[in-house]
Every structure is written in structure tokens, then in C-alpha cells.
Amino acid sequence: MKKPSAIILLGALLLITPQLQSCNILPSISQQQINPKLSPEELQQLASAITVKIIGGEAGGSGPIIRKVGSTYTVVTNQLVLQAVQGTSKYRIDAGKIVKNIRIQTSDGLDYPATIVKGENINFQDKDLGLLEFNADRTYDVGTFAKPDVALKPGEKVWAAGFPAESATPSSIVTTGEISLIPNQALEQGYQLGYTNPIQNGMSGGPIINGQGDVIGFNGRHGNPLFGDPFVYAD
């Protein structure tokens, strides 16, 4: 199958909000921004504020905070990121149970132990998505999702955030680009959004936000991978 040439740098997961809202653990995941008229600088700050770094052993990735209940925060990332951090993490004992030593680093540079969320009420239908939780006594910004009826279109500006693996600074970066392609049907694992933002290794799972400051997807596969063919339709 020939690659769609319009996917310039990478394919990404197109966030289908009802799929996340159908999980009982996330009953009210999205609230619209009170002030949708955000400047590019404010959008960059927002994208950076909701993005956390996911660390496990020698592996890492990124993801946005999408929910807060009490002191518990929920983070979405790619399933591929979760598999990587689990595979390289050491074990620790927590309440008598052996768990993987996975950590979340927030925008202020603090680290928190994290656990992968599992359960019968979580079903992403083979999409490249997964959830983590961490507890913190500090207040962190929470991302919002666009309404399901919001239409994305090629040429629309988007901002993508994440933590580059080889960056000299411990903070996240935010890149600017635009939507380049939205195929009529999804590729394997739910990929259905092409965009031009430059993305580095380690930014996988980080949020893509639109001009209203709402999360519309997550950094996913590169358009020119070193191996394999990511451009296969789900059917």
C-alpha cells in the first residue's frame, strides 16, 4: 500500500471523545474552555501545563492530564508508551503488592509514583491508548476535549507538546503546525490524523490541541518509521 503523501511528519491518534467518555472511570472528562480566544503564547503555555512525562526504567513518553478527582489525576498516553515503560521498569512493593516502578514528572519538575489503570470498564477497542493515575497534593492544570461535533479540517493550526528524550532541559516543548490529512477511515490502532508539527522521540503520547485549547489527539507514529508499515487501514 502506498503511503499517503500528505502525512508529512507523523500520523497521530484522532481522539474520538465518546470512546473515552464510555469508560465508567471517566464519567465527565471534558469541559469547554471558558475563554476560547487564546493567543498562540497562551496555547503554548496551556499545552505545556497539561503535559507530563512518563518514566519507567530507561524508557519514557508523554501524556496530558485529563481528569482530577480529589488528589488523584488521570493521564492518557499511547499504549505503546505503557508497554515500553513497563518493559524497562524495576519492581517495587506497594501495600504488599509487587508493582512496576513507573513515575510521572509534572510541569513543575516533581516526580510522583504512577500506576496503570486497568479494568473491565476501560475499553479503547484496540486503539493505541492507555491510562495512568498518580496522586498529588498540588493543583495541576487539566486538559479539556473538543466536543464530538467539532469538525477538524486540513490547514487548521495545531500545537503539539511532549518531553523529548534527548533534550538537555527537563521541561516539555511545544511545536506549532497544521493538520495535513484526515482520511475517511482510520488506520490500524485508531490513527486518523496527519499533521506537520515536528515531533521528537519521547514526545509520543503528548497532546495535540486546537486553537480553542482543546485536546484533539495524541502524538503517535512517525510518517517515515525506521521499520514496519504504519499505513494499513483498520479493516
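Observations on the structure shown:
- Taking the conditions (1) at pLDDT below 65; (2) open to solvent by 10 Å² or more (accessible area, probe 1.4 Å) in turn, Q86 satisfies each one other than (1).
- In the stretch 111-118 there is at least one residue that is modelled with pLDDT of 85 or more, under 18 Å from G61 (Cβ atoms) and of a type in the set (D, E).
- Among the residues examined, V81 does not qualify as at pLDDT 95 or above, of a type in the set (A, V, I, L, M) and crowded, with 16+ Cβ neighbours inside 10 Å.
- Tally of residues being in a helix (DSSP H, G or I) and either at pLDDT below 90 or open to solvent by 40 Å² or more (accessible area, probe 1.4 Å) (or both) across the stretch 29-56: 5
One line per residue, one yes/no per condition, for (1) open to solvent by less than 30 Å² (accessible area, probe 1.4 Å); (2) touching a strand residue (DSSP E or B) at 6+ places or on another chain (Cβ under 6 Å); (3) modelled with pLDDT of 70 or more; (4) not in a strand (DSSP E or B):
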site	(1), (2), (3), (4)
I93	no, no, no, no
S107	no, no, yes, yes
N121	no, no, no, yes
K127	no, no, yes, yes
D137	no, no, yes, yes
V158	yes, yes, yes, no
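The values are calculated or read from the model by the stated rules, or taken from the named source; none is laboratory data. Remember, it's a predicted structure, so these values are computed and weren't measured experimentally. Cβ: placed from backbone, ideal geometry, glycine included. Neighbour counts: every protein chain shown. These accessible areas exclude ligands, DNA and RNA; they are computed on the full protein's heavy atoms, side chains included. Shrake-Rupley method; radii C 1.70, N 1.55, O 1.52, S 1.80 Å.
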